[in-house]
Amino acid sequence: MELSKLDFQQARIKQVLFKSRLRSVLYGVREPDPALFSLADNPLGAWLHSVVKPQYGTSLPYQRLEQEL
């Protein structure tokens, strides 16, 4: 099963949510939340783990993306 257009839309939404939370921490609007910096606890990381990893977890692009996050 390939990733669908809907899967990429979900990823985009989760990335925007992650970036907005990160910006609010960087600009001092909110206190740093340890869950934001944990791959398993932030929205984008959770999506990657549940949707992408089962199919592409062994591929090099996925491993690089996981490492960057």
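Couplings 3J(HN,Hα) for region 39-47, derived from phi with the Karplus relation 6.51 cos²θ - 1.76 cosθ + 1.60 (θ = phi - 60°), are 4, 6, 9, 8, x, 5, x, 5, 5 Hz, where x marks Gly and Pro. Rounded to the nearest whole angstrom, the semi-axes of the ellipsoid equivalent to the chain, taken from the Cα gyration tensor as √(5λ), stand at 24, 13, 9, largest first.
Judged by the mean number of other Cβ atoms found within 10 Å, the most tightly packed of the peptides 20-26, 54-60 leads the ranking 20-26, 54-60. Measure nothing fancy, just the Cα-based angle from helix 5-26's long axis to the longest principal axis of the chain, in degrees from 0 to 90, nearest 10. The two axes meet at around 20 degrees.
For region 32-37, putting each phi into the Karplus relation 6.51 cos²θ - 1.76 cosθ + 1.60 with θ = phi - 60° gives couplings of x, 10, x, 5, 5, 9 Hz, in residue order, rounded to whole numbers and with x for Gly and Pro.
Taken about its Cα centre, the chain carries a charge dipole of roughly 240 debye when the Cβ of each Lys and Arg holds +1 and the Cβ of each Asp and Glu holds -1.
None of the figures in this text is laboratory data; all of them are computed from the coordinates on show. Since this is a predicted model, take the numbers as computed values, not measurements. Cβ: placed from backbone, ideal geometry, glycine included. Neighbour counts: every protein chain shown.
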